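Enquirer: One structure coming up, written as structure tokens, with questions to follow.
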Ligand code: HAS
């Protein structure tokens, strides 16, 4: 039976749905990138927005399109294709559900985007109270979440079929990883769905007068931190399971990769308070507990770094490399499928160090609400993750469209990766420095531009505009490559690379697929980390948005 075997090629019917996701993702990248350029120009103080366009409006368009639309659509498309490749062609029922999910997400995106463009929803990508948007914006976001659940359900159906057809066998690594990410996403989005459905929608419809801001922020961050791992894990799927094949090496350990993904499922949710360390209304003891759990979720990233170094080193030795870093020279630097994600990996070392600083309670007091945090997530999400997504597109898009990545496009892709890196080094680097000097995030230049302290920030803001302009060039390059690979590249076969474990005799322990166990521990950790603080908030927190405004911090 076709579905039982691992197919070398994604079925064209599944490919079509994956590509539909990518079209939306890359349109979001084009529009969101333009908004990003405008933002850095405005922040330099040398440029004013025309036609009454408001800074917070473009900031919202940028954040929603890049942080929520590009990522969710790309990830769902990639995972859908990866499961089809490794667990077998999706059934017609799964494919139908996938298409429904795609359209529900797309309609939701259009609803939310329209409201932002009409200036009815300048609430930034975190959209938490007391900022209030038009109800159509919240309904649109609900559609995006529900659509993603349907997309996820399609993936789970194919995984479940594989398990049924292959009793007692560990599932294919890429499928297993995709399912962990989907399950994490479903558990996490319950938080954001609750605040939108039970708090923000009734409030914006005028059905209730006030909203409990602390509860809404807490529900958002219950979702917001796993959200960033939802972005990261597809990049890790590529680093663990695809890059080894591209370089001609082996996956260091299949079991280690699975264990690190399970640790992400367990520890990425009960840590939302590390975004709320400066907020009143949460007992410091609970903040401390969640900081400890945050340090637990760093462990799977350290395991990943270890595993990647081991893969590179062993491959290097097999090619005769010697010394501590001899392997570095023998890696396939002329192959964009490797080099572009590798730039992302290397950037993740300082990016992760920044995250550890953020999570360290006292240091968080220095950087919180400064533009340092914006610098942090432009290194993590907008460099490590996004460059890996670009690297994936360079083989996946032609694989799905039946075309070839030509030598010329490969070269342009490598240039694109370096352009992005240079632009981001300027922009994110300057953001980190300006943050340490107290430069605020999410603040229009007009609100602080002529203050004495702001003079100190101006060189960093100009550096950000330079970086932003270089990055915009990077966006134009990736769009040229994407359009070429989707529509114009010569017809041919492009491989969907899937790595093999070094020790193919080693069978991954079946306990990794014991969902009752992992979901049970996940639920216990969430209940432990959140129940008492929630009771506290509901009993003692100021009741409505008016109360919150006096806190003065958002
Ligand atoms: Fe973060 C804020 C803590 C990772 C994204 N983060 C944010 C926000 C975003 C974000 C979007 O504790 C802002 C939200 C907002 O709008 O307010 N973050 C962490 C920690 C980690 C971390 C501890 N963040 C990420 C990732 C993101 C992301 C990943 C997106 C994808 N973050 C925080 C905290 C805040 C925060 C606080 C709140 C700040 C505040 O006050 O508001 C960790 O997961 C990082 C662990 C990573 C490592 C690195 C491992 C390295 C690897 C690469 C190996 C490389 C190789 C190549 C092999 C330990 C795996 C070799 C190359 C050579 C050249 C040698």
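The values are calculated or read from the model by the stated rules, or taken from the named source; none is laboratory data. The structure presented is a predicted model; accordingly, all values stated were derived computationally and were not measured. Backbone-built Cβ (ideal geometry, glycine too); neighbour counts: all protein chains shown.
Enquirer: Can you tell me which of 229, 236, 222 is within 17 Å of the chain's Cα centre (by Cα) and closer than 27 Å to residue 135 by Cα?
Expert: 222
Listed here are the residues, each with its yes/no results for (1) loosely packed, with under 13 Cβ neighbours inside 10 Å; (2) on the phi < 0 side of the Ramachandran plot; (3) modelled with pLDDT under 95.
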residue: 457; (1), (2), (3): no, yes, yes
residue: 461; (1), (2), (3): no, yes, yes
residue: 473; (1), (2), (3): no, yes, no
residue: 517; (1), (2), (3): yes, yes, no
residue: 529; (1), (2), (3): no, yes, yes
residue: 536; (1), (2), (3): no, yes, yes
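Enquirer: Give the residues of segment 22-55 that are part of a helix (DSSP H, G or I), more than 18 Å from residue 472 (Cα to Cα) and out of contact with any helix residue (DSSP H, G or I) (no Cβ under 7 Å at 6 or more places or on another chain), sorted by residue number.
Expert: Matches in segment 22-55: 23 only.
Enquirer: Is at least one residue of segment 455-476 under 25 Å from the mean Cα position of the chain (by Cα), closer than 30 Å to residue 418 by Cα and part of a loop (DSSP other than H, G, I, E, B)?
Expert: Among the residues of segment 455-476, not one is under 25 Å from the mean Cα position of the chain (by Cα), closer than 30 Å to residue 418 by Cα and part of a loop (DSSP other than H, G, I, E, B), which makes the answer no.
Enquirer: Tell me the helices (runs of 4 or more DSSP H) entirely within segment 326-434 that contain at least 1 residues that are under 27 Å from residue 59 (Cα atoms), within 15 Å of the ligand (Cβ to nearest atom) and free of Cβ contacts under 8 Å to residues at least 24 places away in the same chain.
Expert: In segment 326-434, the matching helices (runs of 4 or more DSSP H) lie at 336-359, 361-367.
Enquirer: Being part of a helix (DSSP H, G or I), over 26 Å from the mean Cα position of the chain (by Cα) and in contact (Cβ under 8 Å) with a residue 12 or more places away in the chain is the requirement here; does residue 314 meet it?
Expert: Details: part of a helix (DSSP H, G or I): yes; over 26 Å from the mean Cα position of the chain (by Cα): yes; in contact (Cβ under 8 Å) with a residue 12 or more places away in the chain: yes.
In short, yes.
Enquirer: Quick one: in segment 435-448, which of the residues that are out of contact with any strand residue (DSSP E or B) (no Cβ under 9 Å at 6 or more places or on another chain) and not in a helix (DSSP H, G or I) is nearest to residue 374 (Cα to Cα)?
Expert: Taking the candidates together, the pick is 442.
Enquirer: When residues of segment 253-266 are filtered for being touching a residue at least 60 places away in the same chain (Cβ under 8 Å), surrounded by fewer than 24 Cβ atoms within 10 Å (Cβ to Cβ) and near the ligand (Cβ under 10 Å from one of its atoms), how many remain?
Expert: So the count comes out to 0.
Enquirer: Look at residue 271 and say whether it is at pLDDT below 95 and either within 19 Å of the chain's Cα centre (by Cα) or within 8 Å of the ligand (Cβ to nearest atom) (or both).
Expert: On the way: at pLDDT below 95: yes; either within 19 Å of the chain's Cα centre (by Cα) or within 8 Å of the ligand (Cβ to nearest atom) (or both): yes.
So residue 271 fits the description; yes.
Enquirer: Which numbered condition trips up residue 304, out of (1) assigned to a helix (DSSP H, G or I); (2) at pLDDT below 95; (3) near the ligand (Cβ under 10 Å from one of its atoms)?
Expert: Failed condition: (2).
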